[in-house]
Each structure stands twice: as structure tokens, then as C-alpha cells.
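Presented below is the structure to which this report refers.
What follows is calculated from the coordinates using simple rules that are stated; it is not laboratory data. Keep in mind it's a predicted model, so treat the numbers as computed, not measured. Reconstructed Cβ throughout: ideal geometry from the backbone, glycine too, with neighbour counts over all protein chains shown.
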Amino acid sequence: MDLGEIERLRGELDAFVAEVFASVPRRDQRAKGDCYLRGLMLDGPRKSIQPMAERLPDGDMQGLQQFVSQSTWDHAPVLRAIATKLTAAIAPQVWVIDDVSFPKDGKMSVAVARQWCGALGKQANCQVAVSLHAACDAASVPISWRLFVPKEWEQDTARRSRVGIPGEVRHREKWRLALDLIDEAIGWGLAPKVIVADAGYGQITAFRHALVERGLDFVVAVRSDESAHPHDAVPATPTWSGNGRKPAARYRTAASSLRELAAESGRAGYRRVTWRTGSKGPMRSRFRVQIVRPAGVTTRRYAMAQAAGAAGWDGVLPAVTLLSEWPTGAAAPTEYWLTTLPVDTALRRLVRLAKMRWRIEHDYREMKHGLGLDHFEGRTWRGWHHHATLVTAAHAFLTLRRLDPKAPAPA
């Protein structure tokens, strides 16, 4: 947007800021929030504080710096207000878990470490944040964020103090941060949707079981080497000799990989599905649905715990639905998802839900390239969360503009 477009939207933006920043107590702070949002949406190659302030007629670099990095306003109520407003507007079908990385130089930015950096596709010095998004075919919105704190920051009291990491915040695996985000959103009163995630989360058995314990359905990607038994496999109990411990019921044949189970019927078991229209036309591929029983130590322990111990467990592993994709021209299935949705769920719906992650990649591109999500140059915990919240607010405002049939599309 140029300055003229920003000025034409001032009335709508003022009303939006008054609503979502209502929890921020001071009027001057809310005014700084309005200014920061205009800076994020205004055209320009860099969305850090100094260049934004220079582009805005009322830009005050020192004031914006203080508002973002030092002011004590709580970002969580602002995110809650944005999530409540936007989920009502877009009627989401899924909640998507994902994470995003921010390459960094040096060691002093909050939670920076050498770790896998998706933005670069390799191990690199970066920050990583886990995010929860509400999405439908037409739009999506970030609900909340968690900055991942690597293990090396756990006991580094000097660095923790320097960047202001709260004492109660410790290292926590990304999949646990994802569960925290889901619990937070439900605690805000948002109606939970089907959880969608890539294999970085779906492959973690404990994450899937935690969703089941919360009564949440999911469609999550998994790797092809995940082991499972066919749905009709039955555990057997050997005859007890009368001596020693009674033998436990277990499957007497080795588990197969999902790749093997998905390919066992050949291409004949796959149906063509068109799930949406992309920029190059209808998106189609071939899919199959079947029931499987995931194997592995964690799954066995979970099933045993659900039966109140080994004595009460009949050896049957829980069944889930496997969705697999075998594209035309491929020698074998290429993509795999596990879901708690029933096997008789309409195939097109399953595929649409599984593929909904494209909306989040769209979010990340817009927030990074258009709104400066990765342009923040501050080093503190508070500053990072304030900046991410303000980018979320700018993204939400633009999403509402796009959804308004009477509004001209933002540039």
C-alpha cells in the first residue's frame, strides 16, 4: 500500500485498533500500535522500526522502539481479540499447526541457536516459532505463537536475563508447544476444529495420542516408514504352560511400513480427486483410504495405559484411518496422512483437509515478504512477541479487507 491508500483506510484501521487493542490500557500506546500497523502495511523493502518511522509522516522511531521492545502491554489479550474476530469472519474448517524460522547472525537474539532452519533448508543460526492458524479455503489467520527455546538456553542465566525470558519459560519440545497453543485457544473460548499438521508433528505418536485424549480429530502427515498392522490383524495369546508369567497377547507377524500397506492393492485401489482450483487450474491426484493399526513402543504403552495396565489389555492396537496419495506417473504412493476421522468420510473432504496447509504457507509468505515478520531487529523476548502480535494484527486487517465484497483489494 502507498500513503494514499493507507490514509483512505484510516477510519477503518482506527476502529480495528480500538477493538483488538482494547486491552492495552494507555491511549498513547494504542496510538503507537496504529502507527506500527501502518508502517507494516506501507510499501517498503524493510519493515524494521527505523525505515518504517522514516516512511511515516508521524513516524517516531524512539516512541515505536519503546512501544515494541520495552512497553509492558500484554500481547496475549490482543491475540485473543484478533482470533475471536477473525475466526467469526472466516468460519475455519481446520486448525493448522506449523513452525517458521528466522535466520539470525550472532548469539544474542532471544532463543537463537544453530538448529534446523526451514527458511534456508539446512542447519543454521536461527530462531524458530511454533504457530497455530485457523483456516478455510478462502482465508486463514494466525491464532497464536510460541517462540521455541532451545536446550542451550535452559541454564544460560546470563543470556536469559539479558533478553528477558520469563523465569517460568523453559525448553519445551515443539510438539508440546503446539499442544499449549491448542489448549490456549480452547481456553479463549474458540471452538476447536480438525487439527492439521505436517510430518514434523504428525510423526510424533505422543502428539497424536495427546490430541485423542483432548477429544480432537486430526489429519496429520506422517512418513512412509511409519510402521503399522493391517486393520484386520488380530493379536494372539499363546497357551500358558502353567509356569511363570502368563504370556501377553501380541501380534505374531511383523508390522509393515505405511508404504507397503498403501501399495498392496496397486493403483486399482486409488480414486481420482480434485480438491481445489489453483493458479494453474484444477488440482487433482489419486487417493486411497484404509484402516490401519499403528505399531511401535509408544503406541503399545498408550494402549496398555488406556486399559489400566497390562493385565487388562487385550493386545489390540488402536485403529486409525490412513489416507495415501499416488500421483499419476509416480512409481509408488508419495504422501501419507493419519486421521481419526471415520473411514467413510467423503474422500474429497479428507483430501481437502489434508491439503489445507497451503493456506498457512501463503500466510507465512505474506507476513514475511509483505509485512516484515522476519524483519524485527530487537533481541528481547517481549519485543519479539510484540512484533509478532502486531504483524498478526496487520495480516488480520488485510484479511478482513479482502473478505469485504465492497472493499477494493489492497495492493
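Using a Förster distance of 45 Å, how high is the FRET efficiency between E260 and E152, based on the Cβ-Cβ distance and rounded to 0.05?
On the way: r = 40 Å, r/R0 = 0.88.
Rounded to the nearest 0.05, the efficiency is 0.70.
Taking loop as defined by DSSP and a crowding limit of 12 other beta carbons within 10 Å, which trypsin sites (Lys or Arg not before Pro) in the range 239-334 fit? Write out the running numbers ahead of the final one.
Working: sites: R245, R250, R252, R259, R267, R271, R272, R276, K280, R284, R286, R288, R300, R301; in loops: R245, R252, K280.
Listed in order of number, the matching sites are R245, R252, K280.
Could I have the simple spin-label model distance between N243 and R8, label points 7 Å from Cα toward Cβ, reported in nm to one decimal?
If labels sit at N243 and R8, their model points lie 9.1 nm apart.
Based solely on its DSSP helices, what 222 nm [θ] is calculated for the chain when runs of n ≥ 4 H residues each add -39,500 (n - 2.57) and the sum is averaged over all residues, nearest 500 deg cm²/dmol? Kindly include the intermediate steps, with their values, before the conclusion.
On the way: 15 runs with 150 residues, N = 411.
Here the helix-only value at 222 nm equals -10500 deg cm²/dmol.
How many times 2.2 N^0.38 Å is the alpha carbon radius of gyration of the chain? Walk me through the numbers before you get to the answer.
Details: Rg = 24.3 Å, N = 411, 2.2 N^0.38 = 21.7 Å.
Cα-based Rg divided by the globular estimate yields 1.12.
Once you keep just the Cα pairs under 8 angstrom separated by 6 or more residues, what percentage relative contact order results for the range 140-291? If you can, show how the numbers build up before the last one.
Numbers: 141 pairs, mean separation 20.7, N = 152.
Once normalised by length, the contact order is 14 percent.
Between A191 and M283, what length comes free when the chain is fully extended (0.36 nm per residue of separation minus the Cα-Cα distance, one decimal in nm)?
On the way: separation 92, 0.36 × 92 = 33.12 nm, distance 2.96 nm.
Using 0.36 nm per residue and subtracting the Cα-Cα distance, I get 30.2 nm.
Specify whether the C-alpha gyration tensor of the range 301-400 places it in the rounded, prolate or oblate class, a ≥ b ≥ c being the square roots of the eigenvalues: rounded for a/c under 1.5, otherwise prolate if a/b is larger than b/c and oblate if not. Show your work: numbers first, answer last.
Numbers: a/c = 3.00, a/b = 1.63, b/c = 1.84.
Oblate.
Mind listing the phi-derived Karplus ³J(HN,Hα) values for the range 255-264, rounded to whole Hz, using 6.51, -1.76 and 1.60 with θ = phi - 60°, and x for any glycine or proline?
For the range 255-264, the Karplus curve yields 5, 9, 7, 4, 4, 5, 5, 6, 9, 5 Hz.
Could I have the simple spin-label model distance between R271 and K85, label points 7 Å from Cα toward Cβ, reported in nm to one decimal?
Each label point is offset 7 Å from its Cα along the Cβ direction, giving 4.2 nm.
Give the lysines whose C-alpha is closer than 30 Å to that of K104, dropping any in the same chain fewer than 8 places away, or say none.
K32, K47, K122, K151, K174, K368
How far is it, in nm, from the label point at W358 to the one at V297 when both lie 7 Å from their Cα along the line to the Cβ?
Result for the modelled spin labels: 4.0 nm.
Within a Cβ distance under 12 Å of D198, other residues only, what is the Lys/Arg minus Asp/Glu net charge?
With Lys, Arg at +1 and Asp, Glu at -1, the neighbours total 0.
Whole angstrom only: what separates the Cα centroid of the range 192-219 from the Cα centroid of the range 246-303?
16
How much length would be gained if the chain were fully extended between A305 and L120, taking 0.36 nm per residue of separation minus their Cα-Cα distance, in nm to one decimal? Write out the running numbers ahead of the final one.
Numbers: separation 185, 0.36 × 185 = 66.60 nm, distance 4.10 nm.
Additional length available on full extension: 62.5 nm.
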